[in-house]
Amino acid sequence: MSTLRRFLPAPLLGLLLGSAQAATPSVSMSDPHSYANTQDFRTRALSLDLDVDFAAKVLRGHVELQLERVNPQARTLILDTRDLTIRAVQAGDDKRLKATGFTLAPRDAVLGQALSIQMPAQADRVRIEYSTQPQASGLQWLSPAQTAGGKQPYLFTQSQAIHARSWIPLQDTPQIRAPYRAHIKTPKNLRAVMSANNDPQSPRNGRYQFEMPQAIPSYLIALAVGDIEFRSTGPRTGVYAEPSVVAAAAKEFEDTEQMMQRCEAVFGPYRWGRYDLLILPPSFPYGGMENPRLTFASPTVIAGDKSLVSLVAHELAHSWSGNLVTNASWADFWLNEGFTNHLTYRIMEEVYGADIAQQERALGAVDLKKSLELADRDGDRTLAPDLKGRDPDDGVTDVPYDRGAFFLAYLEQRYTRPVFDAFLRGWFDSHAFQSVHTADFLGYLQTQLMAKYPDRVSMAKVDEWIHAPQMPADTPWPADAFAQLDAQRQAWLDGKLTLAQLDTANWNPRHWVYWLDTLPVLSVAQMQALDQAYGFSRSRNQIIAGHWWALAARSAYAPADAGIAQYLRDVGRMRLITPIYRALAQTPQGRARAQALFAQDKPRYHPIAQTAIESLLADKP
Ligand code: BES
Ligand code: ZN
């Protein structure tokens, strides 16, 4: 059917297919995660008008799309939706909109439902009246008890990868970019913020207006509503958070302006105006999300000692890799995340020094090796996974992040840092506000570096980096960031060193995470000794705590049961809780316990985390 759709004018197609309306349209060739017929219409601007109804857990209102008619013959516009209730659709132009026909195709478990809209000749505008459903995959509605303040409810969106369609009917593919405007109506005592021009001075009166003038892909449209306050940390930086969190957040992230300046010096101007952070409640399923102008972040990154600010470096770096130059499909995800990890290491080195950056790389290497082991198909070990028919959230492993970053580190090593930095800056400048495939990058690499500096990197080598399931033999693994620690661990395990003799005076949280991650399954006595010596069970650093509980689960350490249960209840960040669930699920009793805990905690988790943990617990051990 995709071939037919490509070559036949829509009316003829309709004749051929009879009542084609009820059928599910095929997905696009270059983005298998969208039904949008982008060869016919492309969104030019988007305008949202939504009421936030906490009682019903529903967003209600309309969206207006302004379209470019790429194919003047086209008479059907196909949008992506998931679990939306469509009340009415109008089509027309800027002068007049008239009711038009539409149908929703049957629901696909991964992609949702295609919405086909009849478009009169010349119509380049549609208005869709709709509401969301309480189970929308991209929304989490929090009860007051799930917030820091405990008094007001909270709502936030998470659109990446393909969840924007669960709260806005649109062309939900990163190949389409559009500016947006929004009117958001909330209960009077709450504040709304978006990935747009937030104004902290605007009165809290339940009516908020936003504008995002730059063209962005749909996965970067974001909204949060709650008891949210603002504190400035610099001329173009600040933090939004609940009142009890905002001071600590401002202190923790006071270096953000400095990070921005270093990024700009290496990768070119920051093109988005302000860069603010929104600290979410602990059920936020990610560490961070690079929503433009307003990064969303998990409160687990507020450690009190800035030890987790690499997360801000990462989300900030997406202002170049991802938000400015965007992966055109989710199979090209490494162009977002591998680049961003590379930039993060570069910036961490600039701001905090080479040692810290090297430690970050070493932790990335540990994560990567684990992900390569866990992958259950060879394609998922490469930078070119086949995600057709799969949920793109399943492609989110450390492979695109760290294999991607090591590939760029390899290129940097071959071409030298000054040359490679300039190359990256050229890549961002020449592809700004565009969506790109892996082939686009390889073409650019070939003309800009491989042709200019022959004999440094072969095409076969590039191909190996992208397509071979094994890591290349000459991967630039970070050498000995934790060598002293490796030696001490072995000595302790061999009984040659007691914990009291361990030299941990200069360890930072990265050392502790590395230590916990690289320990084998331990005995009850060893676990007890560790906890007594270092108080992991009481750690206020949520990342260290998470890695400790994962080790406890791996070691089936019963005294940790209560602590694990509490952690899994309080924290919803997938990267921290899935290793604990996975470790528990290794034994039959542990699995039963994990299932019981999950049954209890599921309602507290974000829909995306619910799905991820459900499928993890369904996997065979
Ligand atoms: N864009 C990602 C988060 C994401 C990826 C959401 C795919 C949905 C689908 C974000 O930039 C990210 O990578 N977050 C990491 C932080 C990190 C590597 C420092 C996370 O949440 O763990
Ligand atoms: Zn990222």
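In the chain, the longest principal axis of the Cα atoms and the axis of helix 417-430 are about 20 degrees apart. Checked against a 31 Å cut-off, the cross-linked pairs LYS388/LYS602; LYS98/LYS388; LYS151/LYS602; LYS388/LYS461; LYS369/LYS461 give Cα-Cα distances beyond that limit for LYS98/LYS388. In the assembled protein chains, HIS437 presents an accessible area of approximately 60 Å² (probe radius 1.4 Å).
Most simply put, segment 4-223 has about 90% antiparallel DSSP beta bridges, counting only bridges with both residues inside it. Taking every protein chain into account, the accessible area of segment 4-223 amounts to 40 square angstrom per residue (probe 1.4 Å). Indicate the gyration tensor shape class of segment 273-374 (rounded, prolate or oblate), computed on the Cα atoms with a ≥ b ≥ c the square roots of the eigenvalues: a/c under 1.5 is rounded; otherwise a/b larger than b/c is prolate and the rest oblate. Rounded, because the longest to shortest axis ratio a/c is under 1.5. Pull up all non-local amide H partners of GLU68: gap of 5 or more, or a different chain, and H-to-H distance under 5 Å with H placed in the peptide plane. Result for GLU68 returns ARG42, THR43, ARG44.
Computed over the chain, the alpha-carbon pair-distance distribution with 20 angstrom bins reads 19, 53, 26, 2, 0, each value a whole percent.
When all protein chains stay in place and ligands, DNA and RNA are ignored, the 1.4 Å accessible-area order of TYR514, TYR154, largest first, is TYR514, TYR154. For the peptides 490-496, 538-544, the ranking by mean Cβ contacts within 10 Å, running from highest to lowest, is 538-544, 490-496.
For segment 532-587, rounded, prolate or oblate, judged on the Cα gyration tensor with a ≥ b ≥ c (square roots of eigenvalues), a/c < 1.5 rounded, else prolate if a/b > b/c?
Since a/c reaches 1.5 but b/c is at least a/b, the shape of segment 532-587 is classed as oblate.
The slack in the chain from VAL419 to ALA460, taken as 0.36 nm per residue of separation less the alpha-carbon distance, amounts to 12.6 nm. As a test, work out the antiparallel percent of DSSP beta bridges whose residues both lie in the chain, rounded to the nearest 5. Once the DSSP bridges in the chain are tallied, antiparallel ones form about 80 percent.
Can you give the FRET efficiency for ALA565 and LEU374, using 1/(1 + (r/R0)^6), R0 = 22 Å, r = Cβ-Cβ distance, to the nearest 0.05? It comes out at approximately 0.35. Surface exposure of segment 322-467, expressed per residue as accessible area with a 1.4 Å probe, stands at 37 Å².
The heavy atoms of ILE608 offer some 10 square angstrom of accessible surface to a 1.4 angstrom probe. Reducing segment 300-334 and segment 372-396 to their Cα centroids gives an inter-centroid distance of 20 Å. Counting protein heavy atoms only, the chain has 51 percent of its accessible area on carbon and sulfur, 1.4 angstrom probe.
What the phi angles of segment 46-55 give under the Karplus curve with 6.51, -1.76 and 1.60, with θ = phi - 60°, is a coupling list of 9, 9, 10, 9, 9, 9, 9, 10, 5, 5 Hz, glycine and proline written as x. Among 421-429, 165-173, sorting by the average number of other beta carbon atoms lying within 10 angstrom of each residue, highest first, gives 165-173, 421-429. Rounded to the nearest whole Hz, the Karplus-based 3J(HN,Hα) values (6.51 cos²θ - 1.76 cosθ + 1.60, θ = phi - 60°) of segment 350-363 follow the sequence 4, 8, 10, x, 5, 4, 4, 4, 5, 5, 4, 4, 5, 5, with x at glycine and proline. Residue-wise HN-Hα couplings along segment 72-83, as the Karplus relation 6.51 cos²θ - 1.76 cosθ + 1.60 with θ = phi - 60° gives them from phi, are x, 6, 5, 10, 10, 9, 10, 10, 8, 9, 8, 6 Hz; Gly and Pro carry x.
P(r) tail for segment 322-467: Cα pairs beyond 25 Å make up 27% of the total.
Computed over the chain, the per-residue total of -39500 (n - 2.57) for DSSP H runs of n ≥ 4 gives a 222 nm mean residue ellipticity of -10500 deg cm²/dmol, rounded to 500.
The values are calculated or read from the model by the stated rules, or taken from the named source; none is laboratory data. These numbers were taken from a predicted model, which means no experiment stands behind them. Cβ sites come from the backbone with ideal geometry, for glycine too, and all protein chains shown count toward neighbours. For accessibility, only protein heavy atoms count, side chains too; no ligands or nucleic acids. Shrake-Rupley method; radii C 1.70, N 1.55, O 1.52, S 1.80 Å.
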